[in-house]
Amino acid sequence: MRITFAPWGETLAELADAARRAEEAGAEVIWVPELHRSASVTAAAVAQATTSAQVGTAIQLAFTRSPMVTALEALDLDELSGGRFILGLGTGVQRLNEDWHHARWGKPVPHLREVVRNVRRFVAGATLGEEIDLEGEFEPMRIRGYQRPYPTARPEIPVYLAAMGPAMTRLAGRIADGWISHELCSPRYLAERILPEIQAGLDAVEGRRREDLELVVSACCSVDADPWLAVDRVRGHVGFYASVRSYADFFAFHGLGEAQQQVVEAFRSGRGAEHLAEAVTPEMVDALTLNGDRDRVAEQLAGYVGLADAVKLSAPTHGLSPAQIRTAQNQVIDLISATSGGLQ
């Protein structure tokens with residue numbers, strides 16, 4: 001199981017430095033998100049700060065750019081990184097797409113399928129000058145008279161899909177090179193809810209095998225010699241996601257439905273999503289994150305072996321000061337160094 005990392009930085013320079021240090025510690029992929037920064041610009045900064053680790057977006061929003069722009073950014077990032085780029089795409093939620101970005105939402109599963117098809121087709125033929133004529137309900141693509149005059153690092157760039165619900169997870173199994181989990185994903189949830197849908201997607205395509213798809217599980221990680229401090233530091237992260245009512249089934253699966261409802265009520269009372277730590281119980285933290293001293297976290301991490309192909313470690317950030325995040329991140333990088341070479 002590969003150990004990968006999602007760095008944090010108050011500036012792009014700090015984020016890039018964290019990526020470099022994680023690579024030196026043994027992280028095999030550096031992942032960057034899209035919310036407070038552009039995923040493609042952040043990936044460019046990380047690509048220039050690293051030399052051997054792959055650089056991936058986890059995730060870049062799929063519907064807020066045209067597939068052609070997404071493909072162009074992927075080609076540029078693949079060139080910049082020397083063929084190390086992974087294009088991780090996700091849909092986001094309807095409100096974010098429509099209200100924040102004025103982007104079309106449509107039906108997210110067939111919409112994302114068309115985006116992936118178009119990106120792959122454009123990347124494969126960008127330098128050939130051939131006509132592209134793709135029909136589609138959401139993303140038709142008709143390009144004539146275009147030929148990219150620059151060489152590409154590779155004719156194919158791996159495309160990973162973020163998915164949590166059954167239909168989107170099956171789509172990842174059908175068409176993606178990799179699957180990326182939600183920021184909270186326990187080994188039991190992975191085994192009982194995700195893997196059956198992944199397998200159903202694989203089985204729907206003749207010749208598709210489990211080894212054709214890399215499963216990347218995300219794990220928020222809080223490491224400290226003081227176990228209570230480790231738990232306390234990551235409460236805000238759990239609270240942030242527990243405040244979202246659409247995750248009710250996820251929390252109920254872990255027997256945490258009532259605990260989530262307490263967080264939702266705290267949020268409704270006016271407490272901001274970044275300030276919900278006090279409403280989060282230690283049981284919620286234990287069920288959904290990696291926390292404790294280094295030995296305990298390594299033991300929890302080993303729970304994904306045989307289920308996931310890679311784990312994406314990140315430090316908690318919600319409700320913490322920059323100084324606290326730096327401390328937490330440095331301890332995660334130290335953990336990566338201690339587990340360098342992956343887990344078996």
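The values are calculated or read from the model by the stated rules, or taken from the named source; none is laboratory data. Predicted, not measured: the structure shown is a model, and the values here were computed from it. Backbone-built Cβ (ideal geometry, glycine too); neighbour counts: all protein chains shown.
Do you know which of the residues in segment 314-344 that are among the polar types (S, T, N, Q) and assigned to a loop (DSSP other than H, G, I, E, B) is modelled with the lowest pLDDT?
344
Scan segment 28-53 residue by residue and report those that are within 15 Å of the chain's Cα centre (by Cα), closer than 22 Å to residue 338 by Cβ, crowded, with 21+ Cβ neighbours inside 10 Å and of a type outside the set (Phe, Trp, Tyr).
Within segment 28-53, 29, 30 meet the criteria.
Is segment 164-173 home to any residue that is within 22 Å of residue 64 (Cα to Cα), touching a residue at least 60 places away in the same chain (Cβ under 8 Å), buried (at least 19 other Cβ atoms within 10 Å of the Cβ) and of a type in the set (Gly, Ala, Ser)?
No, segment 164-173 has no match at all.
Being touching a residue at least 12 places away in the same chain (Cβ under 8 Å), touching a Cys at 6+ places or on another chain (Cβ under 6 Å), of a type in the set (Val, Ile, Thr) and farther than 16 Å from residue 19 by Cα narrows it down to one of 289, 339, so name that one.
Exactly one of 289, 339 is touching a residue at least 12 places away in the same chain (Cβ under 8 Å), touching a Cys at 6+ places or on another chain (Cβ under 6 Å), of a type in the set (Val, Ile, Thr) and farther than 16 Å from residue 19 by Cα, namely 289.
Of 109, 93, which residue is surrounded by fewer than 22 Cβ atoms within 10 Å (Cβ to Cβ), closer than 21 Å to residue 218 by Cα and β-branched (Val, Ile, Thr)? Please lay out each step first, then the result.
Numbers: 109 fails: closer than 21 Å to residue 218 by Cα.
Of the residues listed, the single one that is surrounded by fewer than 22 Cβ atoms within 10 Å (Cβ to Cβ), closer than 21 Å to residue 218 by Cα and β-branched (Val, Ile, Thr) is 93.
Does residue 73 count as out of contact with any Lys or Arg (no Cβ under 6 Å at 6 or more places or on another chain) and of a type in the set (D, E, K, R)? Talk me through it step by step, then tell me what you get.
Working: out of contact with any Lys or Arg (no Cβ under 6 Å at 6 or more places or on another chain): yes; of a type in the set (D, E, K, R): yes.
Yes.
Restricting attention to segment 193-225, which residues are of a type in the set (Asp, Glu) and in contact (Cβ under 8 Å) with a residue 40 or more places away in the chain?
214, 224
Kindly indicate whether any position in segment 249-259 is touching a Pro at 6+ places or on another chain (Cβ under 7 Å), under 28 Å from residue 2 (Cβ atoms) and at pLDDT below 95.
So in segment 249-259, the residues touching a Pro at 6+ places or on another chain (Cβ under 7 Å) come out as none.
No, every residue in segment 249-259 fails to be touching a Pro at 6+ places or on another chain (Cβ under 7 Å), under 28 Å from residue 2 (Cβ atoms) and at pLDDT below 95.
Taking residue 198 and the conditions (1) under 20 Å from residue 91 (Cβ atoms); (2) surrounded by fewer than 18 Cβ atoms within 10 Å (Cβ to Cβ), which numbered condition does it fall short on, given that it satisfies the others?
Among (1) under 20 Å from residue 91 (Cβ atoms); (2) surrounded by fewer than 18 Cβ atoms within 10 Å (Cβ to Cβ), residue 198 violates only (2).
Which of the helices (runs of 4 or more DSSP H) found entirely inside segment 224-313 contain at least 3 residues meeting this: crowded, with 20+ Cβ neighbours inside 10 Å and in contact with a His (Cβ under 6 Å, 6 or more places away or on another chain)?
Output list reads 227-242.
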